[in-house]
Amino acid sequence: MIQGFEKIVEERILKAQKKGEFENLIGSGKPLRINENWYIPEELRLAYKILKNADCVPPEIELKKEIKQTEDLLAGMKETSEKYRTLKKLNFLIMKLNTIRDTSIMFEMPQHYMEKLVGQIEKSKTQNEHFKNLKRSA
């Protein structure tokens, strides 16, 4: 149904172009003047501009940067104990971000438990192999 609607709209636009209805419009040939802060209430725009010019970043953005840095750090780690501590820190940062934001739970950033589970599985496999080797040698 939407595809049909889009087709009708396209046909009407093409028809209007052929008739010349888009010629000599006000501002034709000039750049659009779009207010980049249209979504910010008018009474807050000056304060936001001052903060932006002072390189002040909202806490949510600062946390997102720290989460990204921690994820990058975690990706390059080999040692299990250090990886576990960093994963705990990462999950704490994500939890902190989710509590700061006033949004639906659907939009919350998920915590990183998968890596912890994989680490535990690898650890148990190593332990099982170790016990098998001990039994064979006994």
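Below are the figures for this structure:
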quantity: Selected residue (only one of 33, 12 is out of contact with any Gly (no Cβ under 9 Å at 6 or more places or on another chain) and not polar (S, T, N, Q)); calculated: 12
quantity: Pair list, Cβ < 6 Å and 6+ apart or interchain, from region 12-41 residues that are of a type in the set (Val, Ile, Thr) to residues that are modelled with pLDDT of 80 or more; calculated: 40/48
quantity: Unique match (being modelled with pLDDT of 80 or more and surrounded by fewer than 11 Cβ atoms within 10 Å (Cβ to Cβ)) among 94, 26, 67; calculated: 26
quantity: Selected residue (only one of 44, 74 is out of contact with any Phe, Trp or Tyr (no Cβ under 8 Å at 6 or more places or on another chain) and surrounded by 14 or more Cβ atoms within 10 Å (Cβ to Cβ)); calculated: 74
quantity: Options 14, 44, 32; residue that is over 24 Å from the mean Cα position of the chain (by Cα) and not in a helix (DSSP H, G or I); calculated: 32
quantity: All positions within region 48-64 that are of a type in the set (Val, Ile, Thr) and at pLDDT 85 or above; calculated: 50
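The values are calculated or read from the model by the stated rules, or taken from the named source; none is laboratory data. Remember, predicted model here, so these are calculated numbers, not experimental data. A quick note on method: Cβ atoms are made from the backbone with ideal geometry, for glycine too, and the neighbour counts reach across all protein chains shown.
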